[in-house]
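J.: Questions regarding the structure given below will be posed in turn.
What follows is calculated from the coordinates using simple rules that are stated; it is not laboratory data. Computed from a predicted model, the values in this text were never measured in an experiment. Don't worry about glycine lacking a Cβ; one is built from the backbone with ideal geometry, like all the others, and counts go over all protein chains shown.
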Amino acid sequence: MGLTCPNCGNEKSFLAKTLQMHVVQAGGEELELSEQTPPAMLELLCDDCDTELDFATLDADQRREMLLLVGAG
Ligand SMILES: [Zn+2]
């Protein structure tokens, strides 16, 4: 899908960090998960050198593909 690390040139392996929120209900006897929001993309890092790639600079197709991949689409 054409990602390239601007620092080391890695084109193969990236680390996508996502943030997911859960709503936990604690009223009953057991804790219950009542709601789960889709994960939001938090950071996209090069897996080799940890340089952060600016998610906003990806084109629309790349962003959509990445979000689908991590379950945030
Ligand atoms: Zn890199």
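J.: Output ³J(HN,Hα) for the range 30-39: one whole-Hz value per residue in order, computed from phi by the Karplus curve 6.51 cos²θ - 1.76 cosθ + 1.60 with θ = phi - 60°, and x for Gly and Pro.
T.: Listing the rounded values in order: 10, 5, 10, 8, 9, 8, 8, 8, x, x Hz.
J.: Can you give the angle from 0 to 90° between the axis of helix 60-69 and the longest principal axis of the chain, with both taken from C-alpha atoms, to the nearest 10?
T.: Computed tilt is about 50 degrees.
J.: Run through the chain and list the GluC sites (Glu not before Pro) located in a DSSP loop whose Cβ has at most 14 other Cβ atoms within 10 Å.
T.: Numbers: sites: Glu11, Glu29, Glu30, Glu32, Glu35, Glu43, Glu52, Glu65; in loops: Glu11, Glu29, Glu30.
Filter output for the chain: Glu11, Glu29, Glu30.
J.: Something else about it: How high is the FRET efficiency from Thr37 to Ser13, r the C-beta distance, R0 30 Å, rounded to 0.05?
T.: 0.65
J.: Might you report the magnitude of the Cβ-based charge dipole of the chain about its Cα centre, with Lys and Arg at +1 and Asp and Glu at -1, to the nearest 20 debye?
T.: Around 200 debye, computed over the chain.
J.: I would also like to ask the following. Two decimals, Cα atoms only, Kirkwood Rh: what is Rg/Rh over the chain?
T.: 1.16
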